[in-house]
Amino acid sequence: MVNIRSLDPSASPLDYYGYELRRLREEAGLSQSQLGDILYCTGSLIGQIETTRKVPTREFSERLDAALMTGGLFSRLVGLVLRSQLPSWFRPYAEMEQKATFIYSFQAQLVDGLLQTEGYARAVLGARFESDLDGLVAARIERQRVMEREDPPLLWVVMSETVLRQRVGGREVMRDQLAHLLRVQDREWVKIQMLPFEVGAHGGQMGSFNLLRFSDDPDLVYTEDFVQGHMTVDSAAFKQGSLRYDHLRAAALSVEDSSALITRVMEEHYGDQPEPGGSALA
């Protein structure tokens, strides 16, 4: 039976998306199953998105625009929908991240969110959040579109060697993640430096942090604890964070040597090595 739950389009971006999908589908005289056939998905998925039980992806939205000839309506809406899936405490930072001209990041345990693959992001978020995982993963991948715009920010990331060696999501997920780091390292506006174990004690041991700089807004520092994130535009805090970041960047390997370390760890720990059962991973 078709779910005909009423929607309040003003309740949230996701409700508005579902409301418009149902309205335009019905105007086109299509059932959920018929539209699903056109989009190469199930009618059940159409129903779940219409009733906000499933979060749409950007790819789905683009195909939907083409099928219903909406002039790009859903492709525009999906950005709002995915941003609304982010934790409420993180949204202010995500909005500022989209405006930044320079993003400097130090990561002590995990790959920076702007550089995560979908598999890695799913493993990271799944360890922290028990519900709405698909929406959270899609929202994290959506954030990465900032690096695809015509004038992307400079993203400079320093990561502890721990990030490479802590297996997140299994061997295949880690291998794909490290291969992705090597691919994005070739982009002009992305720089990755690894902080090797040999450095010993360093200024980032108190935790990860990000520094954002803007053309028209005050510079800011962002940190997270185990509950939520914290953002400040205090100039003294930014100065202190910048000094700490410069020390970390100076102690880290060069961009070229960092690529060599990523390659070596990938080959030694996540490459074509036999699984306990005897099979090998490509």
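Of the residues in the stretch 97-116, how many are under 15 Å from the mean Cα position of the chain (by Cα) and either over 25 Å from Arg213 (Cα atoms) or not hydroxyl-bearing (Ser, Thr, Tyr) (or both)?
In the first step, residues of the stretch 97-116 are kept if they are under 15 Å from the mean Cα position of the chain (by Cα); the result is 97-98, 103, 105, 107, 110-116.
Going one step further and asking which of them are either over 25 Å from Arg213 (Cα atoms) or not hydroxyl-bearing (Ser, Thr, Tyr) (or both), we end up with 97-98, 103, 107, 110-116.
Total meeting the criteria: 11.
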Item checked: Scan of the stretch 137-167 for residues that are more than 26 Å from Thr52 (Cβ to Cβ) and surrounded by 21 or more Cβ atoms within 10 Å (Cβ to Cβ), ordered by number -> Pro153, Leu155, Val157, Val158, Met159, Ser160, Val163, Leu164
Note to self: Considering only residues that are over 19 Å from the mean Cα position of the chain (by Cα), under 22 Å from Ser242 (Cβ atoms) and outside any loop (DSSP other than H, G, I, E, B), which ones fall in the stretch 182-205?
What the structure shows: Gln193, Met194, Leu195, Val199
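Going by what's in this entry, would Thr42 be described as of a type in the set (Val, Ile, Thr), crowded, with 17+ Cβ neighbours inside 10 Å and within 27 Å of the chain's Cα centre (by Cα)? Spell out how you get there, then give the answer.
Values: of a type in the set (Val, Ile, Thr): yes; crowded, with 17+ Cβ neighbours inside 10 Å: no; within 27 Å of the chain's Cα centre (by Cα): yes.
The answer is no for Thr42.
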Notebook entry, point to check: Got at least one residue in the stretch 208-224 being under 21 Å from Gln116 (Cα atoms), assigned to a loop (DSSP other than H, G, I, E, B) and assigned by TED's automatic domain parsing to the domain that holds Ala121?
Noted result: yes
Next item on the list: Looking only at the stretch 126-136, decide whether some residue is exposed (fewer than 14 other Cβ atoms within 10 Å of the Cβ) and aliphatic (A, V, I, L, M).
Entry: yes
Notebook entry, point to check: Looking at the stretch 225-238, which of the residues that are part of a loop (DSSP other than H, G, I, E, B) and either of a type in the set (Val, Ile, Thr) or surrounded by 15 or more Cβ atoms within 10 Å (Cβ to Cβ) (or both) is modelled with the lowest pLDDT?
Noted result: Val227
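Can Met266 be described as touching a helix residue (DSSP H, G or I) at 6+ places or on another chain (Cβ under 7 Å), surrounded by 17 or more Cβ atoms within 10 Å (Cβ to Cβ) and at pLDDT 90 or above? Reasoning before the result, please.
Working: touching a helix residue (DSSP H, G or I) at 6+ places or on another chain (Cβ under 7 Å): yes; surrounded by 17 or more Cβ atoms within 10 Å (Cβ to Cβ): yes; at pLDDT 90 or above: yes.
Yes; evaluated as a whole, the condition is true for this residue.
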Margin query: Would you confirm, using the coordinates I've provided, whether Tyr40 is without any contact (Cβ under 8 Å) to a residue 60 or more places away in the chain and hydroxyl-bearing (Ser, Thr, Tyr)?
Written below: yes
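Only one of Tyr120, Tyr93, Tyr104 is part of a strand (DSSP E or B) and either hydroxyl-bearing (Ser, Thr, Tyr) or loosely packed, with under 14 Cβ neighbours inside 10 Å (or both). Can you tell me which? It would help to see each step written out before you state the result.
Values: Tyr120 fails: part of a strand (DSSP E or B); Tyr93 fails: part of a strand (DSSP E or B).
Answer to the check: Tyr104.
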Margin query: Going through Gln116, Gln107, Gln85 one at a time, which residue ends up being closer than 16 Å to Leu136 by Cβ and in contact with a Gly (Cβ under 9 Å, 6 or more places away or on another chain)?
Written below: Gln85
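The values are calculated or read from the model by the stated rules, or taken from the named source; none is laboratory data. Bear in mind the structure is a predicted one, so any value in this text is a computation, not a measurement. Quick reminder, even Gly has a Cβ in these numbers, built from the backbone with ideal geometry, and neighbours come from all protein chains shown.
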